[in-house]
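Just below is one structure, and these are the notes that go with it.
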Amino acid sequence: MKRQIRSAKLVLLALTEATSPYWRPIKYSLFPPLGLATLAAYFDERVDVTIVDEHVETIALDDTPDLVVIQVYITNASRAYRLADFYRGKGSYVALGGLHVTSLPDEAARHADSIFLGPGEFTFPQFLNDLAEGCAKTVYSSPIRTLDGLPPIRRDLIKRHLYLVPNSIVVSRGCPHHCNFCYKDGFFQGGRTYYTQRVDDALAEIARLPGRHLYFLDDHLFGNPRFARALFDGMRGMGRIFQGAATVDSILSSDLLERAVGAGLRSLFVDFESLSPTGLAQSQKRQNLGRDYRAVVRRLDDNGVMINGSFVFGFDGDDPSVFARTVDWAIDNGITTATFHILTPYPCTGLFAQMEAAGRIVSRDWDRYDTRTVIFEPRGMSAAELKKGYDWAYREFYRWRSIARASSAHESLKHRIKHFAYSAGWKKFEPAWNAVIRLQRLAHMRPFLEALLSPVCAVDDEPVAASHLSIRDFFPD
Ligand code: SF4
């Protein structure tokens with residue numbers, strides 16, 4: 001049956017952890033749902049398209065859009081399915097996509113008219129066409145992987161005032177590595193697992209963004225050195241300050257870091273994950289094995305780049321001493337903010353297959369796969385010890401005295417002050433953040449954040465007095 005689509009509602013439901021008593025509203029008010037805004041660009045301009053992000057707004061349920069598209073993550077899957085069933089009951093056509101749908105397509109297909117496996121840039125416009133022609137398929141998977149010729153993201157549909165960092169941007173898809181706990185290989189199976197935009201397209205998208213601060217949400221911004229070099233060279237002189245993520249090997253291996261800093265890089269999310277070679281080997285994180293983590297920190301420090309270090313607990317070689325060892329290392333080395341995770345075997349990953357084969361998965365309640373709950377049988381300690389150690393690590397890392405100690409690891413006074421203000425500002429003023437969010441005044445915080453991201457050392461092409469703030473550093477709990 002041909003369907004005329006006059007209205008479409010694109011929905012991101014709150015992750016389950018965002019509804020827990022430990023929820024930090026600011027953590028979920030950082031970035032708008034860029035993926036949905038990317039898909040929105042494929043609609044005919046006569047279609048009334050809305051984007052709803054439950055992390056920052058309430059979802060109205062008294063409507064009946066012609067088409068409902070829901071982005072599904074593992075910890076919002078059960079609620080996403082209920083919402084999908086609800087709208088299908090009202091007569092809307094419902095499509096589901098995202099990481100969890102790609103991981104478990106049979107589960108998702110029970111709640112949708114169409115599902116999307118893998119990235120949607122190629123399949124979504126095809127789907128809209130099929131829907132209009134009355135021949136929409138139940139499953140769309142994406143054999144063609146390219147970011148060439150993407151229509152401009154519908155940023156006009158993003159409610160900028162509800163986010164601290166509305167200028168998030170993605171210029172690549174996937175990652176060149178293959179860590180066995182990561183969704184990436186499952187999500188991109190059947191085609192290229194890492195590809196970038198054209199440099200000119202990326203620079204044009206950057207030029208379209210208002211303000212000064214950007215956050216690159218790419219899994220690995222330095223993943224294609226040739227692309228990254230051209231991107232950073234193109235950004236020089238644009239007066240931007242930005243944050244992003246890169247792997248430890250890429251920080252050490254070339255001049256990319258310096259070029260990025262010259263273009264405005266001020267903080268970096270770095271996936272250290274484990275200080276132990278056993279943990280790195282278990283997770284097939286070959287790009288980290290044998291790397292000198294201290295040299296990574298020194299290089300970033302010398303370039304005035306703040307670090308959000310990511311660490312995972314629960315590898316088979318981890319015993320209860322791992323928590324203090326990791327937190328001490330992070331503090332002693334002046335890591336600005338830290339993100340700790342409990343090892344989580346997501347379905348469709350190599351880690352899940354291994355653990356399942358060994359009978360070590362103890363829960364299939366996807367709501368609990370939030371990286372702060374133990375859902376497998378650890379080897380070197382009990383599940384209770386793992387959870388307790390994880391909670392302790394966060395408390396210890398963000399104690400006032402720890403923040404002061406980590407800040408003092410930097411040579412320059414300016415870096416020390418920035419570190420202290422950034423880390424404390426992120427973790428120690430929750431009621432103030434909550435009030436700002438309630439009053440919908442996050443935009444007023446951006447200049448303050450940018451000020452924190454001002455260069456520590458003189459950078460070519462950058463006014464030294466410029467401001468600076470980091471966001472991947474805002475991922476920590
Ligand atoms: S480096 Fe990061 S994004 Fe790439 S495969 Fe490993 S965990 Fe995934």
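Just so you know, all these numbers are worked out from the coordinates, no wet-lab data involved. Note that the structure is predicted; figures quoted are calculated from it, not measured. Quick reminder, even Gly has a Cβ in these numbers, built from the backbone with ideal geometry, and neighbours come from all protein chains shown.
Odds and ends about this structure:
- With helices as the sole contributors, the chain gives -10000 deg cm²/dmol at 222 nm; each DSSP H run of n ≥ 4 counts as -39500 (n - 2.57), and the sum is divided by every residue.
- Antiparallel content of DSSP bridges confined to the range 164-468, in %, to 5: 20 percent
- Interchain or long-range residues, amide H under 5 Å from residue 313's placed H: 341, 342, 343
- Extension gain, residue 383 back to residue 354 (0.36 nm per residue minus Cα-Cα distance, nm): 8.6 nm
- Per DSSP, loop trypsin sites (Lys or Arg not before Pro) in the range 274-306 with at most 14 further Cβ within 10 Å: 286
- Efficiency of FRET from Cβ geometry, residue 60 and residue 130, R₀ 22 Å, rounded to 0.05: 0.20
- Its Kirkwood hydrodynamic radius, worked out from the mean inverse distance over all distinct Cα pairs, puts the chain at 23.1 Å.
- Excluding same-chain neighbours fewer than eight residues apart, the lysines reachable from residue 27 by a Cα-Cα span under 16 Å are 427, 428.
- Cα-based shape type of the range 292-373, given that a ≥ b ≥ c are square roots of the gyration tensor eigenvalues and the cut on a/c is 1.5: prolate
- Prolate/oblate/rounded call for the range 7-141, Cα gyration tensor, a/c under 1.5 rounded: prolate
- Taking other residues whose beta carbon is less than 12 angstrom from the beta carbon of residue 316, and scoring Lys, Arg as +1 and Asp, Glu as -1, yields -1.
- Taken along the Cα-to-beta-carbon direction at a fixed 7 Å, the label points for residue 299 and residue 110 span 4.8 nm.
- Legend: ranking of residues 375, 307 from fewest to most surrounding C-beta atoms inside 10 Å; resulting order 375, 307.
- Averaging Cα coordinates gives a centre for the range 155-174 and one for the range 45-74; these two points are 17 Å apart.
- Listed values for the range 106-116 are Karplus-derived 3J(HN,Hα) couplings in whole Hz (6.51 cos²θ - 1.76 cosθ + 1.60, θ = phi - 60°), namely 5, 4, 5, 4, 5, 10, 9, 7, 9, 10, 10, and x replaces Gly and Pro.
- Ranking of 188, 311, 448 by neighbouring Cβ atoms within 10 Å, starting from the fewest: 448, 188, 311.
- Global form of the range 370-460, assessed from the alpha-carbon gyration tensor, a/c cut-off 1.5: oblate
- Computed from the C-beta positions of residue 276 and residue 146 and an R0 of 51 Å, the FRET efficiency is 0.85 to the nearest 0.05.
- The calculated FRET efficiency for the pair residue 156 and residue 90, based on their C-beta separation and a Förster distance of 30 Å, comes to about 0.65.
- The charge dipole of the chain, taken about the Cα centre with unit charges on the Cβ atoms of Lys, Arg (+1) and Asp, Glu (-1), comes to about 720 debye, rounded to the nearest 20.
- Least to most buried among 100, 341, 55 (fewest other Cβ within 10 Å first): 341, 55, 100
- Environment charge of residue 254, counting only residues whose C-beta is closer than 12 Å and scoring Lys/Arg +1, Asp/Glu -1: +1
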